[in-house]
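The values are calculated or read from the model by the stated rules, or taken from the named source; none is laboratory data. Fair warning: this is a prediction, and the values are worked out from it, not measured in the lab. Glycine also receives a Cβ, built like all others from the backbone with ideal geometry; neighbour counts cover every protein chain displayed. The protein model used for the area step is the full one, side chains on, heavy atoms only, and it has no ligands, DNA or RNA in it. Shrake-Rupley method; radii C 1.70, N 1.55, O 1.52, S 1.80 Å.
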Amino acid sequence: MLYNAVGMLSSIFFIGCLFGLVDQLRRIIKRKSDGLSTAPGYATQSISANAFFSSFIAFYAFFLYSIMLDEVEYYMLVTRFFAASMTLFILYEIYIDRDRISQKIPFITGLVCMAIACLAFLYREDVLVIGRSTSIALALGATLVMLQGGIQQIRKIHKEKTTGVLSLPMNTVFMCKDLANVAFGLVLGFTDGWPLLLLGTISALLKLGIIIQFFHYRKRCKEQVIAR
């Protein structure tokens, strides 16, 4: 009963994440169509490709992890699949908006990773033993990638003194999702749920840091306008 309740709650927040990612994508598309600038990087201003690739890896790692459990965890599988796919759309927008190859590699890498995961699902019984240990290692790696990606996003906002086109609703929903992940990890038990506990805690703290910057730079902009 508790498992289903928390699983449903986690799924609801992931649906919220999808709306958050759609909001982010909408903001990028709006910038592309407003005609104010055609300069490379304008449509995706202040968005860290590193941070969004980190989010993709986090979604992807648990998508793969859910496949490689003794019994497929469908709450985790479905929500992570859609979240990873939507994040790929944003990485694609970065891919076409920026010239540097380092900004294009995340999208290409993401496509390859999703193809591998789909093959793993189709041939699950054949790769289960290898895949389980690999998915655990990937979950740990995803936590480290998420940590550095979140720090990079915070540093990018601080350097540019603006949150640019970055979406506040998306980051808020993501933090709520991370807290739901922590709760779901507790329900799963430490043996199967510790990756969710680890990643959820770190990711929630990083999102909180980003959200604080939204209000900090909004207040700062207002003070500058008043000073003028």
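Quick check on the chain: helices-only [θ] at 222 nm, where DSSP H runs of length 4 and up contribute -39,500 (n - 2.57) each and the sum goes over total residues. Nearest 500, please.
The helix-only estimate for the chain comes to -30500 deg cm²/dmol at 222 nm.
Can you figure out the FRET efficiency of Leu168 with Ile101, using R₀ = 25 Å and their beta-carbon distance, to the nearest 0.05?
Result of the calculation: an efficiency of 0.25.
At 1.002 mPa s and 20 °C, plugging the Kirkwood radius over alpha-carbon pairs of region 69-119 into Stokes-Einstein gives what diffusion coefficient in µm²/s?
Using the Kirkwood radius from Cα pairs, D works out to 177 µm²/s.
What percentages make up the Cα-Cα pair-distance distribution of the chain when the bins are 5 Å wide from 0?
1, 7, 14, 19, 19, 16, 11, 7, 4, 2, 1, 0, 0, 0
Taking a point 7 angstrom from the Cα of Leu69 along the C-beta vector, which residues in region 172-195 have backbone N less than 16 Å away?
180-195
Output wanted: per-residue J couplings in Hz (rounded whole) for region 99-107, from phi through Karplus 6.51 cos²θ - 1.76 cosθ + 1.60, θ = phi - 60°, x for Gly and Pro.
Computed from phi, the couplings for region 99-107 are 8, 5, 4, 5, 8, 9, 4, x, 5 Hz.
Mind checking the angle between helix 49-68 and the chain's longest principal axis? C-alpha axes, 0 to 90 degrees, to the nearest 10.
On a 0 to 90 degree scale, this one is about 10.
With +1 on each Lys and Arg Cβ and -1 on each Asp and Glu Cβ, and nothing else charged, work out how big the dipole of the chain is about its Cα centre, in Debye to the nearest 20.
1340
Just to confirm the number: angle between the C-alpha axis of helix 168-188 and the first principal axis of the chain, 0 to 90 degrees, nearest 10?
Approximately 20 degrees, to the nearest ten.
Two decimals is fine: what is log10 I(q)/I(0) at q = 0.17, 0.21 Å⁻¹ for region 47-168, from a Debye sum with one equal scatterer on every Cα and no solvent?
With no solvent term, the Cα-only Debye profile gives -0.85, -1.16.
Could you please state how large a percent of the accessible area of region 19-169 is carbon and sulfur, counting protein chains only and using a 1.4 Å probe?
Answer for region 19-169: carbon and sulfur cover 67 percent of the accessible area.
Do any GluC sites (Glu not before Pro) in region 42-114 lie in a loop, going by DSSP, with at most 16 other beta-carbon atoms within 10 Å of their beta carbon, and if so which?
Glu71
Return a whole-number percent for the relative contact order of the chain, with Cα pairs under 8 Å and 6 or more residues apart as the contact set.
Across the chain, relative contact order equals 29 percent.
So for the pair Lys159, Ala137, with labels modelled 7 Å out along Cα→Cβ, what separation do we get in nm?
With each label point 7 Å from Cα toward Cβ, the separation is 3.1 nm.
Just the number please: accessible area per residue for the chain, 1.4 Å probe, all protein chains included, in Å².
Computed with neighbouring chains in place, this is 51 Å² per residue.
Can you give me the Kirkwood hydrodynamic radius for region 13-109, using every pair of distinct Cα atoms, in Å to one decimal?
14.2
Student exercise: in the chain, how many lysine pairs 8 or more apart or on different chains have Cα atoms under 16 Å apart?
Lysine pairs, 8 or more places apart or on different chains, close enough: 4.
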